1. Which residues, counting only those in segment 89-106, are more than 19 Å from PHE128 (Cβ to Cβ) and either of a type in the set (A, V, I, L, M, F, W, C) or modelled with pLDDT of 95 or more (or both)?
2. Quick check on LEU228: is it surrounded by 12 or more Cβ atoms within 10 Å (Cβ to Cβ), closer than 22 Å to GLY37 by Cβ and at pLDDT 75 or above?
3. If you scan segment 110-123, which residues turn out to be crowded, with 16+ Cβ neighbours inside 10 Å, over 35 Å from the mean Cα position of the chain (by Cα) and within 28 Å of GLY152 (Cα to Cα)?
4. Can you go through ALA65, ALA74 and tell me which one is in contact with a strand residue (DSSP E or B) (Cβ under 7 Å, 6 or more places away or on another chain), surrounded by fewer than 16 Cβ atoms within 10 Å (Cβ to Cβ) and hydrophobic (A, V, I, L, M, F, W, C)?
5. When segment 98-138 is examined, which residues are found to be in contact with a Phe, Trp or Tyr (Cβ under 7 Å, 6 or more places away or on another chain), touching a residue at least 40 places away in the same chain (Cβ under 8 Å) and in a loop (DSSP other than H, G, I, E, B)?
6. Which residues, counting only those in segment 124-147, are farther than 16 Å from ALA65 by Cβ and either under 30 Å from the mean Cα position of the chain (by Cα) or surrounded by fewer than 15 Cβ atoms within 10 Å (Cβ to Cβ) (or both)?
Amino acid sequence: MSDSNLRQHSSTAHAADSITWWSWRPGIIPRNAILLGGLIMLLALLLEGIGLVTLVLGIIDSSSAPLQLPGVVASHTMNNLDGFPRLNIRLHTEGFPASISPVVSKVAFHAIHDGDTILVDYTPHLRFLYALDSSGRHYALPGVSMAGNPIGSVALLLLGLMFFPYPAMLMIWGVGDLRSQYSKENEGCTMTAQVIGKRAVMLTSTERRTNRPGLTPRLSRSWYGVALDPVEPSAQQVMTLSVTYAVYCSVHEGELVEVRYSPHLHYVYALERILA
């Protein structure tokens, strides 16, 4: 780069408030990105699987015959905390609890008596208790349906879908950076730039505590970053990178540096000052 272009670049003013520290690129080690993204993806897939299975089984249960178990009413109780009437029912079927205390409607509470033999209705797949049968009458339990909890199932499904995309990108970026690292003999991306800003977020400080801008959580207690303005005209205007404490202390605003970083995650392999 010519001296005239370098002087022209150095004279460009950048306001500190104009620097956007938000970053989609977490600046972490590629292997850690693959591990973190994989774990979150497994959790997301688990949530999606539970939501999908319970939703499908709930739909099947809503159109299936109930699983009816015989039981004996042991006592009537009125909960002092919530005021809901309950029936204490004893069951004698293997694989089910010996005693249950479902909340019942006021009609069922007064119509069913202690010592009565009743039928307890469970859904055949999800095993939700949803109704009682006594003396030829059917008493639905309040707040329970044959479909189980479809709203909860849909919520789990949507939660899993929401958590899946970004961890998947972390894994893709991590794999891409590892391939780039080994195929190019650890060269990565190299850029000459001017330091135009620095930022430190320290959780141990008594000052205002804020999180590192971006989508990935900060795993360490402190975060350090530098804002770089590339000297190459074809490069992007400003890039913010996460660096170690030692690198953060070794550079100052206005200095020219050479940085080598991974192309996708923007993990900094090396950042050195360019001596005049």
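1. ARG90
2. No, not satisfied.
3. VAL120, ASP121, listed by residue number.
4. Exactly one residue qualifies, and that residue is ALA74.
5. Listed by number, the residues that qualify are THR123, PHE128.
6. SER135, GLY136, ARG137, PRO142, GLY143, VAL144
The values are calculated or read from the model by the stated rules, or taken from the named source; none is laboratory data. On a predicted model such as this, the values are computed, not experimentally measured, just so you know. Glycine also receives a Cβ, built like all others from the backbone with ideal geometry; neighbour counts cover every protein chain displayed.
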